[in-house]
Amino acid sequence: MANDDSYLEPLRPPTNSPLDRARIKAYWRLIPLLFLSYMIAYVDRANVAIAKLTMARDLPHFDNAVFGFGAGVFFFGYFLLEIPGTLIVERWSARKWICRIMISWGIMAGLTALVREPWHFYTIRFLLGLAEAGFYPGVIVYLTHWFPTRDRARALAYFFIATPIAQFMSPKLSNILLRIGTDETVNGVVVHHPEVWGLEGWQWVYIAWGIPAVILGFVVFFFLTDRPGQAKWLEPDEREALEQELRREKALHPGGRHMSVWKGLSDPKVLILAAAYFFVVTGNYGIEFFMPSILERWYNLKLDRLTWLIILPPLGSLVGQVFIGWSSDRTRERRLHAAIPIYMGVAALATMVMLDAPPLWLTVCLFVVAMTGVKAYLPAFWSLPTLFLSESAAAGSIGLINSVGNLGGWIGPWVMGFVEKATGSFRGGLTYLAVSMTVSATIIVMLGVGKRAASKPGEKPDPLAEALPERA
């Protein structure tokens, strides 16, 4: 492997072939915009975890059970349009559909500032789910239009690390906004931060993060390109080389070129992957939405210190996703690269539950491991469906896996909120999350898809893959 390259900064192709030049240009042109879009999407989806810290003070009817259910009801709307949205990306236009998604979800995210009753909150969260449906699986499908199999997990890893970066950036930025309309004690003196235009800080959290989504929607419309053949930013020989490589892969695909959507949706492996995704997403969102509340409750932390601590776990997620994306592509193994990180997360949650009043530093470290586990598996996991499905069948199946799986995004927060309200403790909910994640990892291992692929006789190492991984 080369020693002078950085994995996260592909500077130039290691060969001068048209295909390698096209692959590098595709990374630079598409991934940054998709990354930024997903980062904003994730903040708009998950910022309720931060906003609730002061939102509950102004809205006394909003307890942990209300927030848990409302945070999760997003995924009911999400469920309804996932498959149609993913098929639209495959058969129509990713550029136009993602533009529509981003503008509508930005508007819905901003409208969350107007809620006053629990049913307002539930309705807006449901509509936000409808608005965003199809973005995440649509991008996964879109990347198959541009990146050959050997690049796919790495491209997905670049896209997926938007979530830990969003989790790293948003708490401190949101903390500044949360101060609006609140009282703060500074050197023994109570200081009041006045409202802005009559709105409280938690309201500005929703508005401020909704606006970038609308702006980026228009950027996507003018900047994204649906297929390599339409890319004027590629040279003619680069377009042809990339399209030829993608056509060659389709011709050699074990599923063939003409798999129906129904064949993909009814494949038992697709249904099993949907179940695996459901159980791990249950753990993911249960941790994310309640980690700030757990730290605040267990250690009586002030908002400033809390928002510094909750940006640490996403750093582990970032490193884990980049490493898994590189390692999975390099070894051509997907199954264990998906399962092992989840088992790591289980071990961290189980340790947290078993320890009685652990010190703050240890709890934060365990959350780092847990968050790494529920994020690092993603690049390898989403490379699995395209190993046995192609074209519309793969697109519809990815939509099904994501829509069914993301119902776990409702179950996880709801169970955490319900159990805490019933028992006064978060430990029962954390136990449930650990069990759910164990089921997910075990399903992935037992399925058997994605074992390490043997190199073909005489196959030369991929020069681009050789250059990119050492960029860490």
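Residues HIS120, HIS192 in ascending order of nearby Cβ atoms (within 10 Å, fewest first): HIS192, HIS120. Helix 135-144 and the long axis of the chain differ in direction by around 20°, with both axes built from C-alpha atoms. Fully extending the segment from PHE221 to LEU199, taken as 0.36 nm per residue of separation minus the present Cα-Cα distance, adds 4.7 nm. Against the chain, whose longest principal axis is taken from its Cα atoms, helix 201-223 shows a tilt of about 20°. When TRP308, TRP361, TRP414 are sorted by how many other C-beta atoms sit within 10 angstrom of their C-beta, beginning with the fewest, the order is TRP361, TRP308, TRP414. Based on the convex hull around the alpha carbon atoms, the chain presents an average projected area of 22.6 nm².
Here the extension length gained between GLU240 and MET446 equals 70.2 nm, from 0.36 nm per residue of separation less the Cα-Cα distance. Note on the chain: helix-only mean residue ellipticity at 222 nm, from DSSP H runs of 4+ residues weighted -39500 (n - 2.57) and normalised by residue number, equals -24000 deg cm²/dmol. Each residue, LEU271 and MET354, gets one label point 7 Å from its Cα in the Cβ direction; the gap between the two is 3.6 nm. Under the simplified labelling scheme, the TRP28-TRP298 pair shows an inter-label distance of 4.5 nm, with each label point 7 Å from Cα along Cα→Cβ.
Per-residue extension of 0.36 nm, minus the Cα-Cα distance of LEU252 and LEU114, leaves a gain of 44.4 nm for this segment.
Rounded to the nearest 10 degrees, the inclination of helix 236-252 to the longest alpha-carbon principal axis of the chain is 90 degrees.
Values quoted throughout were computed directly from the atomic coordinates according to the rules given, and no laboratory measurement underlies them. Fair warning: this is a prediction, and the values are worked out from it, not measured in the lab. Here the Cβ is made from the backbone with ideal geometry for all residues, glycine too, and neighbour counts use every protein chain on show.
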